[in-house]
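**Student:** Can you keep this structure in mind? I'll have questions shortly.
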Protein chains: 2
Amino acid sequence: MLEKKDKFLKSERCPVRNILDRFGDKWSTLVILVLNEEQKLRFNELHRVIGDISQKMLTVTLRNLEADGLVSRKVFAEIPPRVEYQLTDIGKSLVPHISGLITWADDNFSSILESRSSYQQKKKN
Amino acid sequence: MLEKKDKFLKSERCPVRNILDRFGDKWSTLVILVLNEEQKLRFNELHRVIGDISQKMLTVTLRNLEADGLVSRKVFAEIPPRVEYQLTDIGKSLVPHISGLITWADDNFSSILESRSSYQQKKKN
DNA sequence: TCTTTGAGTTACCAAAAGTAAGTAACAAAC
DNA sequence: GTTTGTTACTTACTTTTGGTAACTCAAAGA
């Protein structure tokens, strides 16, 4: 019990674990990338662009990114409501590192797909 | 304009979404980092080093990484069993990109923590 | 009056992950 | 010769997380 709590606190304080937990939610990275491409987007625009995120998870993801200071949220006092999201400077500073991953993904995607299908073959034997 | 990106992002064959889904599971990245530091590890060693991963999820994560060709699995015909995991060349080629993220995390961790606590304050008002 | 609009919330259900116990195979200890 | 210990997993069960669809608010337009 103590041990478990200890580990929990440890990962709370560890920058590595902390940032990995942020990426461990499947939507944050994607939202950052989309906001980086479009500069400024309203809630429903983000929803449409990403396509397969639920409203609920888009809300949660944006709130977390806002809480971490990576995304800014600007509410206009209009009806119907208008809310604009965009990356903060810190949010923008993260983008190049994600882009590195994306480049890697592009370069190695076919190799990974091959590996996956040959792994499936092996499993059948 | 938005619709084109919509299709692109939704596609199962999209390298971006594919790699993000890989990182969207919370353990793969950490396993890769640990294997990179230690070169070669047995199942229980990985389990101990990571600490708060369950055996089940360690198994699942390692199988996925193996399927994708990022990690190799070497079984020795011994009793008790011995299985060694290590990064493949492709797995190793991914590490620098993850390291970029880690560096960013270290540099911006205090800023993020500050942002989080001031966000909590705002919520109370 | 009724519908539409944008940015969410909420209640309910499905999927993913955590927990704890079990399994296989054999060697060593009792 | 039965029990214990070792390692790398499975499996059954529970909890947490995420998805779905309906609902809300307040005003503008038909």
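**Student:** How many times 2.2 N^0.38 Å is the alpha carbon radius of gyration of the protein assembly as shown?
**Tutor:** Details: Rg = 19.8 Å, N = 250, 2.2 N^0.38 = 17.9 Å.
Cα-based Rg divided by the globular estimate yields 1.10.
**Student:** Counting only other chains, what is the mean number of Cβ atoms within 10 angstrom of the Cβ of each residue in peptide B:114-121? It would help to have the intermediate numbers written out before the result.
**Tutor:** On the way: counts 1, 7, 4, 1, 2, 6, 1, 0.
Average neighbour count from other chains, rounded to a whole number: 3.
**Student:** State, in angstrom, two size descriptors of the stretch A:27-80 derived from its alpha carbons: Rg to one decimal place and Dmax to the nearest whole number.
**Tutor:** 10.8, 31
**Student:** Next up: What residue among B:Leu33, B:His47, B:Ser110 has its Cα farthest toward the positive end of the dipole of chain B, where the charges are +1 on Lys, Arg and -1 on Asp, Glu, each on the Cβ?
**Tutor:** Of the options given, the answer is B:Ser110.
**Student:** I would also like to ask the following. Across the stretch A:15-20, in residue order, what do the Karplus-derived ³J(HN,Hα) couplings come to in whole Hz, using 6.51 cos²θ - 1.76 cosθ + 1.60 with θ = phi - 60° and x for Gly and Pro?
**Tutor:** Taking θ as phi minus 60°, the curve returns x, 4, 4, 5, 6, 5 Hz for the stretch A:15-20.
**Student:** Let me ask another. Can you give me the % of accessible surface on the protein assembly as shown that is carbon or sulfur? Probe 1.4 Å, all protein chains present, nothing else counted.
**Tutor:** Values: 7440 of 14430 Å².
With neighbouring chains kept in place, the figure for the protein assembly as shown is 52 percent.
**Student:** Here is a further query. About the Cα centre of the protein assembly as shown, what is the dipole size in debye to 20, counting +1 per Lys and Arg Cβ and -1 per Asp and Glu Cβ, all else neutral? Walk me through the intermediate numbers first.
**Tutor:** Numbers: 42 positive and 34 negative charges, 157 e Å.
Once rounded to the nearest 20, the dipole reads 760 debye.
**Student:** Moving to a separate point now. Compute the longest continuous run of chain B that contains no exposed GluC sites (Glu not before Pro); treat a site as exposed when its DSSP state is not H, G, I, E or B and it has at most 15 other Cβ atoms within 10 Å.
**Tutor:** Working: sites that count: B:Glu12, B:Glu78.
It works out to B:13-77.
**Student:** Additional query: Residues of the stretch B:11-57 losing 40 Å² or more of accessible area relative to the isolated chain, 1.4 Å probe, heavy atoms only?
**Tutor:** B:Pro15, B:Val16, B:Arg17, B:Asn18, B:Ile19, B:Leu20, B:Phe23, B:Gly24, B:Lys26, B:Leu30, B:Asp52
**Student:** Please report the buried accessible area for the interface of B with A, total over both chains, probe 1.4 Å, in Å² to the nearest 100. Don't skip to the end; give the middle numbers.
**Tutor:** Details: alone 9500 and 9530 Å², together 14430 Å².
Accessible area lost upon association: around 4600 Å².
**Student:** On average, how much accessible surface per residue is there in the stretch A:20-125, in Å², for a 1.4 Å probe, leaving out ligands, DNA and RNA? Display every interim value, and only then the final one.
**Tutor:** Numbers: 5510 Å² over 106 residues.
Ligands and nucleic acids excluded, the figure is 52 Å² per residue.
**Student:** At a 1.4 Å probe radius, which order do B:Val49, B:Val34 fall into by accessible area, largest first? The partial results should precede the final answer.
**Tutor:** Details: B:Val49 80, B:Val34 15 Å².
Highest to lowest solvent-accessible surface, that is B:Val49, B:Val34.
**Student:** Given the -39500 (n - 2.57) contribution per DSSP H run of 4+ residues, what per-residue ellipticity at 222 nm results for chain A, rounded to the nearest 500 deg cm²/dmol?
**Tutor:** Result for chain A: -23500 deg cm²/dmol, rounded to the nearest 500.
**Student:** Let me know the shape class of chain A, please: from the alpha-carbon gyration tensor, a ≥ b ≥ c as square roots of the eigenvalues, rounded when a/c is under 1.5, otherwise prolate if a/b is greater than b/c, or oblate. Kindly include the intermediate steps, with their values, before the conclusion.
**Tutor:** Details: a/c = 2.02, a/b = 1.32, b/c = 1.53.
Cα axes put chain A in the oblate bin.
**Student:** Per residue of the stretch A:57-71, in order, report the coupling 6.51 cos²θ - 1.76 cosθ + 1.60 (Karplus, θ = phi - 60°) as ³J(HN,Hα) in whole Hz, putting x for Gly and Pro.
**Tutor:** 6, 5, 4, 4, 4, 5, 4, 5, 5, 5, 4, 7, x, 8, 10
**Student:** Let me ask something else about it. Whose amide H sits under 5 Å from the amide H of A:Arg82, counting only residues 5 or more places off or on another chain, with H placed in the peptide plane?
**Tutor:** A:Phe76
**Student:** Here are some pairs, B:Lys26/B:Lys122; A:Lys74/B:Lys122; A:Lys92/B:Lys40; A:Lys56/B:Lys56; A:Lys40/B:Lys122; A:Lys26/A:Lys92; which of them have Cα atoms lying more than 25 Å apart in this structure?
**Tutor:** Working: B:Lys26/B:Lys122 29 Å; A:Lys74/B:Lys122 15 Å; A:Lys92/B:Lys40 36 Å; A:Lys56/B:Lys56 29 Å; A:Lys40/B:Lys122 23 Å; A:Lys26/A:Lys92 19 Å.
Going by Cα-Cα distance, B:Lys26/B:Lys122; A:Lys92/B:Lys40; A:Lys56/B:Lys56 fall outside the 25 Å limit.
**Student:** Can you list the aspartates and glutamates whose alpha carbon sits under 17 Å from that of B:Lys123, skipping same-chain ones fewer than 8 residues off?
**Tutor:** A:Glu66, A:Asp68, B:Glu114
The values are calculated or read from the model by the stated rules, or taken from the named source; none is laboratory data. Every value quoted in this text rests on a predicted model; they were computed, and no experiment measured them. Note that we place each Cβ from the backbone using ideal geometry, even for glycine, and neighbour counts take in every protein chain shown. Please note that ligands, DNA and RNA were not included when accessible areas were found on the heavy atoms of the full protein model with its side chains. Shrake-Rupley method; radii C 1.70, N 1.55, O 1.52, S 1.80 Å.
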